[in-house]
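Single-structure report; data block below.
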Amino acid sequence: MPNRSKRPKIYSLDNIQLPEIQQYTLANGLPLWVINQGTQAVLKMEVLFAAGRPYEKKALASRLTAELLKEGSQNYSAGQIAEAMDFYGSSLKTPVDMDCPSIVLYTLNKHFEKVLPIVSDLLLQPSFPQAEMDQFIDRQIRRMEVELTKSDVVAYRTVTEEIFGRQHPYGYNSSEQTYRDLRRADIIQHFTNCYHADNGLVILSGLVTQREIDLIRQYLGKLPKREKILRPVIEFPSSSPSSLFIEDADAAQTAYRLGINLFPRGHQDYGDVFVLNTILGGYFGSRLMTNIREDKGYTYNINSSLDCMRYGGCWLIGSEVNNAFIQETKEEIHKEIENLQTELMEEEELEMVKSYLAGVLLGMLDGPFNISEIAKNNYIAQTPINTFEQVLKTLQNIDAHRIQNLFKQYLPMDQLSEVWVGPKKP
């Protein structure tokens, strides 16, 4: 019988390696990355394009293009696509990303030849039907009206505007007018500019055989070649840290967001700050959770997060706080940041965080579909394939002195912007 009064021994993971990713190039120049793993005859194919907000000519064009992509092509209506996917036990999604939206297909190997031509047709000649576009815009406006009654949504929208600027690709917020200003011609132009072989990547994962690779060559090798999109020029407006209060008299809790402008995902310090974020508010045993939820009981949940994209990023702290303790919560958040800037972490706490993150990294390698997410993130961030191993080395080598210095560098107290949304001003 195990002795349950003693915790299990913690083992360090000294060497986690990303499995081999085979790289091919189709006849049209479109790169194909293959992750051949697994025991079940199931595939995930994701086709990504640098077609997000930084590449728009008109606000929200990237989102509507991605959302409407699966609504039909010259040869398949939306109903026919849905029926075919259901018949073949497949799934087709078009996730929206700030930088690189994509089209994702899950299917059995034996049905790949049946459903791949549908995906190919969507990428070669989508129809972007006007009726579907109008209905989608109406639904989004109604959904937005509901979302704007939630204090946490208002707080997030406001703090990102403050950090990035209202005209910045990562900072602007949708409005009814923004949606109404879009025309079908804007969607077609965005698709033509961004969805082509010189601006994308195919990631195929699962139990892959040469047959599936040949099918992708046959169908996706037809995507047209166009002029490669140049790196967009994105300027961050010079802005001062701010403190804003937005009254919401009916709010049962006060939403709080605290944030600061940060670097892109590909920055050399990303791995270090990923560790810092975990310590501060990135997991259940974090400083903020332990103090403000567990010890003080001011909130049910509080966390910090890194929102790092291809061309910029931010560090955010967020919570919904009991209205009676909003000032106390603010003071405790500031205290935890200041403590990490002025006091060295205890070795036991640091080792616990390292062990937790090693487990997270190990879980990211659990199966070919998870590995494809790592590959996708590398493509979006424009970082080398071996970045995963570099993050592990960062985790192994970081110490209390570097953590203290980085907290001083990246979370200066006098540069943080904060937003409160609730019934009374803190």
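The values are calculated or read from the model by the stated rules, or taken from the named source; none is laboratory data. All figures in this text were calculated on a predicted structure; none of them were measured in a lab. Every residue, glycine as well, gets a Cβ built from its backbone with ideal geometry; the counts of neighbours run over all protein chains shown. Side chains are part of the model used for accessible areas, which takes the heavy atoms of the whole protein and leaves out ligands, DNA and RNA. Shrake-Rupley method; radii C 1.70, N 1.55, O 1.52, S 1.80 Å.
Skip the ligands, DNA and RNA, and give the accessible area per residue of the chain with a 1.4 Å probe, whole Å².
48
Using the Cα gyration tensor of region 200-326, with a ≥ b ≥ c the square roots of its eigenvalues, what is the shape: rounded (a/c below 1.5), prolate (a/b larger than b/c) or oblate (neither)?
prolate
Which aspartates and glutamates have a Cα less than 14 Å from the Cα of K354, not counting those fewer than 8 places away in the same chain?
D14, D272, E346, D399
Tell me, what HN-Hα J-couplings in whole Hz come from the Karplus equation 6.51 cos²θ - 1.76 cosθ + 1.60 at θ = phi - 60° for each residue of region 285-299, using x for Gly and Pro?
Computed from phi, the couplings for region 285-299 are x, 5, 4, 5, 5, 5, 6, 7, 8, 6, 7, 8, x, 6, 8 Hz.
Within straight cross-link reach of K330, meaning Cα distance under 24 Å, which lysines are found once same-chain residues fewer than 8 apart are removed?
By straight Cα distance, K330 reaches K150, K296, K408, K424, K425.
Quick check on the chain: of the DSSP beta bridges with both residues there, what percent are antiparallel, nearest 5%?
About 80 percent, rounded to the nearest 5.
Could you give the alpha-carbon Rg of the chain over 2.2 N^0.38 Å, rounded to two decimals?
On the way: Rg = 23.5 Å, N = 426, 2.2 N^0.38 = 22.0 Å.
My calculation over the Cα atoms of the chain gives 1.07.
Normalised radius of gyration for region 86-199, please: alpha carbon Rg relative to 2.2 N^0.38 Å, two decimal places.
Its radius of gyration relative to the 2.2 N^0.38 Å reference: 1.32.
Using the Karplus curve 6.51 cos²θ - 1.76 cosθ + 1.60 with θ = phi - 60°, what ³J(HN,Hα) values do you get for each residue of region 98-109, in whole Hz, with x for Gly and Pro?
Result, ordered by residue: 4, 10, 9, x, 8, 10, 10, 10, 10, 7, 6, 3 Hz.
When the accessible area of region 260-330 is computed with all protein chains present and a 1.4 Å probe, what percentage of it is carbon and sulfur?
Whole-percent figure for carbon plus sulfur exposure: 46.
Within region 26-147, count lysine pairs with alpha carbon atoms under 29 angstrom apart where the residues are 8 or more positions apart or belong to different chains.
13
Rounded to the nearest whole Å³, what is the per residue volume of the convex hull around the Cα atoms of region 18-86?
It is 173 Å³ per residue.
Bin all alpha-carbon pair distances of region 1-155 at 5 Å intervals from 0 and give each bin's fraction as a whole percent.
2, 7, 12, 15, 16, 13, 9, 7, 7, 5, 3, 2, 1, 0
Less than 14 Å Cβ to Cβ from P54, Lys/Arg counted +1 and Asp/Glu -1: what total charge do the surrounding residues give?
Around P54, the surrounding residues sum to +3.
Ignoring ligands, DNA and RNA, what percent of the accessible area of region 112-208 is carbon or sulfur (1.4 Å)?
45
Note down the accessible area of D366, probe 1.4 Å, to the nearest 10 Å².
110
Computed on alpha carbon atoms, what radius of gyration and Dmax characterise region 258-412, expressed in Å?
16.0, 49
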